[in-house]
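Comments concern the structure below.
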Amino acid sequence: MDSDTAASPHGLVVCDECDAIWLEPDLNTAHQYPDVENAKCPVCNGGLWGSNSRWANRDDLALLQWDMAINPELDITEG
Amino acid sequence: MNRSKQKLIGFGILVLILASYTLLPPELQQLIQPGPGVASRSQNNPEGQRLNGREGNSQQLEADSHQSRSAKSTQTESTVRNPTNVNTDGLADSRKSEPSGPATLASSDDSTPQTGTQRATQATAPENQSTSGKSRGPPATNSEGKQRPDDQQLNRNQPATLLHGLLHEISNDQYLSPAGLIYGPGSAEGHRLDHLQRHVKDQPKRPGKHGVFDGGMQGALKTIDDAYQRAQKQQRTTKTVDRNRTIYTVDLGKRIGFVGGQDGGRRRNPMARRVRLVLEGKRVITAYPM
């Protein structure tokens with residue numbers, strides 16, 4: 001989740017292996033790859049891995065109205 | 001008359017003895033007459049003293065070379081550059097054959113005829129004496145003499161900057177593998193190597209599968225290089241191109257890691273022998289066993 005501008009946080013689906021980016025929570029839509037060394041958010045052009053972005057939590061997904069795409073089987077159960 | 005006859009006969013016998021002695025081969029002459037043998041040994045003594053003297057010199061040179069390794073490397077450089085220097089050839093041979101072990105050490109020990117050449121080259125390249133002097137010494141000294149040029153070679157070819165024993169830093173934070181793959185900044189972890197680090201240890205709680213390389217970072221890097229080389233030869237490789245990314249799946253035909261994560265854990269972590277390799281050009285995006 002990119003909160004570069006506090007007024008308009010936006011979400012991206014990002015592969016944590018290959019950095020592929022989807023703009024919607026649907027992997028059947030087109031994806032894109034960021035720059036190898038200087039990955040940027042395709043929405044706000046901020047640093048993809050910068051301090052203004054973080055992995056979304058359930059609340060973030062609810063705020064983005066992406067919670068319907070959550071797959072509970074993929075939940076990480078932190079010990 | 002009798003006396004004069006006797007004298008003549010005696011003189012004749014003496015002449016005969018002397019003539020027969022002079023006609024004898026020199027080896028037999030030495031056997032008959034120990035005097036000349038002692039003389040020759042005493043003649044050899046100066047040679048021994050000279051050798052001792054040379055050994056003394058070589059020890060001195062060795063001590064000098066202990067004091068300055070940089071000077072020693074210059075010496076080796078100069079000997080390598082001198083094609084007429086037979087000692088250098090001997091050194092080069094011992095260096096070449098060093099991996100074959102003790103037998104080579106013996107052959108190096110046997111290379112004493114080089115000392116003859118040493119004397120000839122003494123005037124032109126006195127620095128060589130320390131190295132060649134060492135090669136004639138006891139085994140410990142010998143191995144020292146052999147290791148030093150190798151150390152220098154290692155220093156030249158494998159600088160201390162090798163990361164994980166394999167990667168050359170080609171520019172700031174950019175690392176080149178022996179097969180030509182580049183690991184640079186990127187990924188959520190900040191660097192592709194930090195991302196790869198995730199795949200040398202299981203993450204049992206990670207949803208789905210998590211490929212784990214055998215052999216730590218070095219093992220992972222070697223396997224990835226191997227996979228890349230096989231992929232280039234299209235050996236047991238499937239290749240997908242997606243925009244500027246190339247995704248190889250390479251079957252290495254042997255265990256290279258295991259499947260971890262939640263799925264792998266449920267299946268008792270089966271072994272993995274394939275590698276998924278995602279590249280952009282020669283830049284590694286990610287790689288993991290599967």
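Taking only the C-alpha atoms of segment B:168-289, Rg followed by Dmax gives 13.9, 43 Å.
Dividing the convex hull volume of the alpha carbon atoms of chain A by its residue count gives 118 Å³ per residue. Distance between the modelled labels on A:Glu37 and B:Asp214, one decimal in nanometres: 3.5 nm (7 Å Cα→Cβ projection). Note on A:Arg58/A:Ala30: beta-carbon distance plugged into 1/(1 + (r/R0)^6) with R0 of 30 Å gives a FRET efficiency of 0.70. When the Cα atoms of segment B:205-251 are aligned to their principal axes, the ranges along those axes come out at 32, 24, 19 Å in descending order.
The numbers here are math on the coordinates, done by the rules we state, and not lab data. The shown structure was predicted, so the numbers you read here are calculated from the model rather than taken from an experiment. A quick note on method: Cβ atoms are made from the backbone with ideal geometry, for glycine too, and the neighbour counts reach across all protein chains shown.
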